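The values are calculated or read from the model by the stated rules, or taken from the named source; none is laboratory data. Worth saying up front: this structure is predicted, and the values here are computed from it rather than measured. FYI the Cβ positions are ideal-geometry reconstructions off the backbone, even for glycines, and counts take in every protein chain you see.
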């Protein structure tokens, strides 16, 4: 959805970021009347395509949340969001920081369980520690530490 919109959809539609569904729909209708190819000619086709893509990206509150999340996930120079878009099938809490921004803990566990072990040891991961422990427990302990009574994020994990 985000990659179909050329430019910021709020700018394309001429609405503020706090606009509601009604204001966004009204802006879309106003621009569609003005730039529709049947009225403005073939030259308006590309402009109308941009208007429709922008409207599709932010027409409902849910879509606006998805758009803002995707916009934040674009990587930054400090590595935030560097893991890219979540792979799908989310489960558990969703991180709002770090290289896996926008990913759920379950998605991270399937792709990069080592990151969860690292996160559990850090101050930023303290609020997720119990959830991370449960997730990593499903992967099982490394054979050398079987029977040792320490959290999985302290002994490491392997995929069964």
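Side notes on the structure shown:
- Remark: pairs (first residue in the stretch 19-43, closer than 19 Å to residue 65 by Cβ; second residue surrounded by 13 or more Cβ atoms within 10 Å (Cβ to Cβ) and modelled with pLDDT under 90; Cβ separation under 9 Å; 6+ apart in sequence or on different chains) are absent.
- Residue match in the stretch 122-145 (condition: in the same structural domain as residue 85 (by TED's automatic domain parsing), loosely packed, with under 13 Cβ neighbours inside 10 Å, at pLDDT below 90 and not in a helix (DSSP H, G or I)): yes
- Residue match in the stretch 36-53 (condition: under 22 Å from residue 85 (Cβ atoms), surrounded by 14 or more Cβ atoms within 10 Å (Cβ to Cβ) and within 24 Å of the chain's Cα centre (by Cα)): yes
- Where helices (runs of 4 or more DSSP H) sit wholly within the stretch 1-107, those with at least 2 residues that are outside the structural domain of residue 128 (by TED's automatic domain parsing) and modelled with pLDDT of 90 or more occupy 9-13, 21-35, 45-58, 61-73.
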